[in-house]
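Peer 1: So that we are looking at the same thing, I have put the structure below in structure tokens.
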Amino acid sequence: MKKLSQLSARELEVVEGILNGVEGAIIIDENGIIRVFTDHYQRESGLVKEQVLGKRVDEVFPHTRLLEVLNTGKAITADMWELNGKSQIVSRVPIMSEGKIIGVLGLNIFRYLNEARGFATRVQKMFSELKYYKEEVQRIYGAKYSLGAIIGKSKEILEAKEMVQTIAPTNNPVLIYGETGTGKELFAHAIHQESARREGPFVRVNCAGIPDNLIESELFGYEEGAFTGARKGGKPGKFELAHHGSIFLDEVSELSWTAQAKLLRALQENEIERVGSTSLTAVDTRIISATNIPLNKLVAEGRFRKDLFFRLNTFTIKVPPLREHF
């Protein structure tokens, strides 16, 4: 059973996109934390989404009854409530999954009461779309190769495969070193498949194939209006897409100094900052990186951050050249 608190930023965007079609909606998770706060609710309440998301609902609305529904599991419908001096009819409905309460959805009817009809059907549709989205993410971003896909019987290759089995169950970063064409990506896939994150996404990023001016927005996403050509509504980065999974940074040595600093923050704080944003987004992502250039050499040359090198180098797997696989 997936809890609301475990939904990724992208999944919550899907939920919000669906609920933006109604007058005003708010969703709290099983801990009473606000996870969705629609645009219409922002306008009517006068509150800014970035100041509300991630807070307990009773800190924002001291007299809320959402927590009552969370504790009792009983819906409160057609209830009169005032917001900024405006009377509304509010419905609060528990969100259930496998017979357990995983959150509460509050619907404020500011103008048209008829919009509340069929609401339960829309909620069910919302979670059906979330299930579809999760399956699509797994299909697109899931790891394709297991440990068995790595062929070879030399001492070096067998030791490398044994290392995968040893470190995969941890959540620590892994640095894979080897010549070009040695199969470093196969090892990254195998680490993900052997870990507890195997059901989550596996997102590959070719750091050498992304222009310097785009690498930050690709990794960390961007907000609407962050730069010329930025997509309306913004775009989640690879780290957000890899939430509860693994991100594979191939040719990590090619990252710019600025991108290295942001990557270090992601490792230290488990948070990322979208380009053009002033707020941080929590991410739960395991970092697997690869390089064909010894990073300690780049550190000595002043081309790679020493603190980032030590973070990425928690575990190291050295992949032997193909000529040494057998």
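The values are calculated or read from the model by the stated rules, or taken from the named source; none is laboratory data. Everything quoted here is computed from the prediction, not taken from an experiment. Cβ coordinates were reconstructed from backbone atoms using ideal geometry, including for glycine residues, and neighbour counts include every protein chain displayed.
Peer 1: Do you know which residues across segment 146-177 are in contact with a strand residue (DSSP E or B) (Cβ under 7 Å, 6 or more places away or on another chain) and modelled with pLDDT under 90?
Peer 2: Scanning segment 146-177 gives a single hit, ALA160.
Peer 1: Here's a follow-up. Could you say which residue among SER289, SER253 is among the small types (Gly, Ala, Ser), in contact with a Lys or Arg (Cβ under 9 Å, 6 or more places away or on another chain) and either loosely packed, with under 15 Cβ neighbours inside 10 Å or at pLDDT 90 or above (or both)?
Peer 2: Details: SER289 fails: in contact with a Lys or Arg (Cβ under 9 Å, 6 or more places away or on another chain).
After applying the criteria, what remains is SER253.
Peer 1: Further question on the same structure: Considering each of PRO236, PRO201, PRO211, PRO169 in turn, give the residue that is in contact with a Leu (Cβ under 7 Å, 6 or more places away or on another chain) and either free of Cβ contacts under 8 Å to residues at least 24 places away in the same chain or not assigned by TED's automatic domain parsing to the domain that holds GLU50 (or both).
Peer 2: Details: PRO236 fails: in contact with a Leu (Cβ under 7 Å, 6 or more places away or on another chain); PRO211 fails: in contact with a Leu (Cβ under 7 Å, 6 or more places away or on another chain); PRO169 fails: in contact with a Leu (Cβ under 7 Å, 6 or more places away or on another chain).
Selected residue: PRO201, the only one of PRO236, PRO201, PRO211, PRO169 that is in contact with a Leu (Cβ under 7 Å, 6 or more places away or on another chain) and either free of Cβ contacts under 8 Å to residues at least 24 places away in the same chain or not assigned by TED's automatic domain parsing to the domain that holds GLU50 (or both).
Peer 1: Between ARG265, ARG231, which is within 20 Å of VAL299 (Cβ to Cβ), free of Cβ contacts under 8 Å to residues at least 40 places away in the same chain and basic (Lys, Arg)? Before you say what the answer is, go through the steps one by one.
Peer 2: Values: ARG231 fails: within 20 Å of VAL299 (Cβ to Cβ).
Criteria check complete, one pass: ARG265.
Peer 1: Any residue that is of a type in the set (Val, Ile, Thr) and at pLDDT 85 or above - is there at least one of those in segment 221-241? So that I can check it myself, show each step before the final result.
Peer 2: Narrowing segment 221-241 to residues of a type in the set (Val, Ile, Thr): 228.
Remaining after also requiring at pLDDT 85 or above: none.
Among the residues of segment 221-241, not one is of a type in the set (Val, Ile, Thr) and at pLDDT 85 or above, which makes the answer no.
Peer 1: Any residue at all in segment 26-33 that's modelled with pLDDT under 85 and either touching a helix residue (DSSP H, G or I) at 6+ places or on another chain (Cβ under 7 Å) or on the phi > 0 side of the Ramachandran plot (or both)? Outline the logic, then answer.
Peer 2: Pass one, segment 26-33, residues modelled with pLDDT under 85: none.
No: zero hits.
Peer 1: Moving to a separate point now. Examine segment 280-292 for a residue that is over 22 Å from ASN171 (Cβ atoms) and assigned by TED's automatic domain parsing to the domain that holds THR180, and state whether such a residue exists.
Peer 2: At the first step, the residues of segment 280-292 found to be over 22 Å from ASN171 (Cβ atoms) are 292.
In the following step, the residues that additionally are assigned by TED's automatic domain parsing to the domain that holds THR180 were identified as 292.
Yes, segment 280-292 contains at least one residue that is over 22 Å from ASN171 (Cβ atoms) and assigned by TED's automatic domain parsing to the domain that holds THR180.
Peer 1: Okay, next question. Take ARG265 and decide whether it is modelled with pLDDT under 95, in a helix (DSSP H, G or I) and closer than 20 Å to GLY178 by Cβ. Full working, then the answer.
Peer 2: Details: modelled with pLDDT under 95: yes; in a helix (DSSP H, G or I): yes; closer than 20 Å to GLY178 by Cβ: no.
For ARG265, the condition - modelled with pLDDT under 95, in a helix (DSSP H, G or I) and closer than 20 Å to GLY178 by Cβ - is not met.
Peer 1: Among (1) buried (at least 17 other Cβ atoms within 10 Å of the Cβ); (2) not in a loop (DSSP other than H, G, I, E, B), there is one condition PRO320 misses while meeting the rest; what is its number?
Peer 2: With respect to (1) buried (at least 17 other Cβ atoms within 10 Å of the Cβ); (2) not in a loop (DSSP other than H, G, I, E, B), PRO320 is out only on (2).
Peer 1: Which residue out of PHE220, PHE187 is surrounded by 23 or more Cβ atoms within 10 Å (Cβ to Cβ), among the aromatic types (Phe, Trp, Tyr), outside the structural domain of GLN51 (by TED's automatic domain parsing) and within 19 Å of the chain's Cα centre (by Cα)?
Peer 2: Values: PHE187 fails: within 19 Å of the chain's Cα centre (by Cα).
Result: PHE220 is the single residue among PHE220, PHE187 that is surrounded by 23 or more Cβ atoms within 10 Å (Cβ to Cβ), among the aromatic types (Phe, Trp, Tyr), outside the structural domain of GLN51 (by TED's automatic domain parsing) and within 19 Å of the chain's Cα centre (by Cα).
Peer 1: For segment 70-77, does any single residue satisfy the condition of being at pLDDT below 85, outside the structural domain of SER277 (by TED's automatic domain parsing) and farther than 28 Å from SER279 by Cβ?
Peer 2: Step one: list which residues in segment 70-77 are at pLDDT below 85, which gives 77.
Keeping just the survivors that are outside the structural domain of SER277 (by TED's automatic domain parsing) gives 77.
Checking the rest, the ones that are also farther than 28 Å from SER279 by Cβ come to 77.
Yes; the residues of segment 70-77 include at least one that is at pLDDT below 85, outside the structural domain of SER277 (by TED's automatic domain parsing) and farther than 28 Å from SER279 by Cβ.
Peer 1: So for segment 296-307 (the condition being more than 30 Å from LEU158 (Cβ to Cβ), more than 14 Å from the chain's Cα centre (by Cα) and crowded, with 21+ Cβ neighbours inside 10 Å), does at least one residue qualify?
Peer 2: yes
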